[in-house]
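Okay, so here's the structure we're looking at.
Every number here is computed from the coordinates shown, using simple stated rules; none is lab data. None of the values given here were measured: they were computed from a predicted structure. Every residue, glycine as well, gets a Cβ built from its backbone with ideal geometry; the counts of neighbours run over all protein chains shown.
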Amino acid sequence: MVISRTPYRISFFGGGTDYPAWYTKHGGEVIATTIDKYCYLTCRYLPPFFEHKYRIVYSKIDCTATPEQISHPAARAVLSHLGFDRGLEIHHDGDLPARSGMGSSSSFTIGLLHALYALRGSIPSKMELAKTGIFIEQNLLRETVGSQDQVSAAFGGFNHITFMKNGEISVSPLPVGRERIMELNSYLMLFYTGIMRTSSHVSKAFISNLGNKKQELCALRGCVEKSISILTGKSDLTSFGKLLHRSWELKCGLSSQVSNQAIRRLYASALDAGAIGGKLVGAGGGGFMLLFVPPKKQAATRERFHNLIQVPFKFEFSGSQIIFFDQEKEYSSVEKYWSNRTKPSFYEAAEPLPEKKKKSRRL
């Protein structure tokens, strides 16, 4: 049995420039971090005592004879890509809900890849994990998604991620001290809006019209360099919040699907309560709202959003990890036995108990 733990991520700046349709022509870069909220995947070889060969447990339960019959798209694609022909049982548990903008789908894909590689006795590099995850989501599933989520999930940490025109990816941890990172963390508040959406649906609205959004995307990329200058400098972090606000305004200009009336009301209410900036985490349309709020104003913001769930978090720096590994016994002899006959009943399969020897009694 193997258990993988893969973090969710928060993207600060540069979102939109990580789509291949953009960065293969212009290049792209983002600033993103992973947080201490995780996706857990438990995987084990399924013993041959069941009618099904594959059992996938998530919000639903799939019990199938072949990978192609699995209804979960990512699980189906990963198993087919890796060519697993042996029975498997997979359980998914997550700290945060799906379709919430936290990169949950990519964390699932990366976590499942990591666990199945480990089950085979293989240790992939973080870049191998990231690129395989990107290939599965963009090429096999043909989803309209960027490339930053898979990289963050695999690597973990607070990173400057650069996407080059030739398709290569560079991951550089930000040279920011521990105290500065903790200070930034203290300014951030994360609230769940309760609005679920699929990021690929939101992204399609502006990916098909990239030619007319060059100005906005170049400006979004420019925010990356400005944010690095702020974080690595010694100035007040208030400017980081203002830049977050500017970036959100630019992102809303990419498509009408990025925001909506309910989100605009929530954001305006947050600013009124004392937030300096913020954004919807991910492609937009719903999910989690990240706010940059001075510590003295956070009580008022919390009261204003009392009907929403606040998620306290800290930055994490490990990325996808295997947190449990136990070598399982082979069932080849049992499989061979059953291939030659029907499955025995419980009592038929059990070995007979040895007869007790009668003790002689002396008179």
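Just to be sure, is Leu82 out of contact with any helix residue (DSSP H, G or I) (no Cβ under 7 Å at 6 or more places or on another chain), free of Cβ contacts under 8 Å to residues at least 60 places away in the same chain and either aliphatic (A, V, I, L, M) or under 30 Å from Gln257 (Cβ atoms) (or both)?
Details: out of contact with any helix residue (DSSP H, G or I) (no Cβ under 7 Å at 6 or more places or on another chain): no; free of Cβ contacts under 8 Å to residues at least 60 places away in the same chain: yes; either aliphatic (A, V, I, L, M) or under 30 Å from Gln257 (Cβ atoms) (or both): yes.
Answer is no for this residue.
If I filter region 167-185 down to residues being loosely packed, with under 13 Cβ neighbours inside 10 Å and within 17 Å of Phe313 (Cβ to Cβ), which single residue comes out as nearest to the chain's Cα centre (by Cα)?
Ranking the qualifying residues of region 167-185, first place goes to Met182.
Just to be sure I understand, how many residues within region 248-298 are more than 20 Å from Leu96 (Cα to Cα) and either small (Gly, Ala, Ser) or in a strand (DSSP E or B) (or both)? Please lay out each step first, then the result.
From region 248-298, those more than 20 Å from Leu96 (Cα to Cα) are 248-262, 264-277, 292-298; that's our starting set.
So of that shortlist, the ones also either small (Gly, Ala, Ser) or in a strand (DSSP E or B) (or both) come out as 253, 255-256, 259, 262, 268-270, 273-275, 277, 292.
Within region 248-298, residues that are more than 20 Å from Leu96 (Cα to Cα) and either small (Gly, Ala, Ser) or in a strand (DSSP E or B) (or both) number 13.
Here's the yes/no breakdown for (1) over 16 Å from the mean Cα position of the chain (by Cα); (2) of a type outside the set (Val, Ile, Thr); (3) part of a helix (DSSP H, G or I):
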residue	(1), (2), (3)
Ser80	yes, yes, yes
Asp85	yes, yes, no
Ile90	yes, no, no
Asp93	no, yes, no
Met102	no, yes, no
Leu113	no, yes, yes
Pro124	yes, yes, no
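Of the residues that sit in region 164-198 and are part of a loop (DSSP other than H, G, I, E, B) and small (Gly, Ala, Ser), which one is nearest to Phe135 (Cα to Cα)?
For region 164-198, the residue satisfying everything is Gly167.
Output the number of residues of region 28-73 satisfying the condition of being crowded, with 18+ Cβ neighbours inside 10 Å, of a type in the set (Phe, Trp, Tyr) and either assigned to a strand (DSSP E or B) or without any contact (Cβ under 8 Å) to a residue 12 or more places away in the chain (or both).
Count: 3.
Looking at region 20-27, can you tell me whether even one residue there is touching a Phe, Trp or Tyr at 6+ places or on another chain (Cβ under 6 Å), part of a helix (DSSP H, G or I) and touching a residue at least 12 places away in the same chain (Cβ under 8 Å)?
Within region 20-27, the subset touching a Phe, Trp or Tyr at 6+ places or on another chain (Cβ under 6 Å) is 23.
Checking the rest, the ones that are also part of a helix (DSSP H, G or I) come to 23.
Next, only the ones that are touching a residue at least 12 places away in the same chain (Cβ under 8 Å) stay: 23.
Looking through region 20-27, at least one residue is touching a Phe, Trp or Tyr at 6+ places or on another chain (Cβ under 6 Å), part of a helix (DSSP H, G or I) and touching a residue at least 12 places away in the same chain (Cβ under 8 Å).
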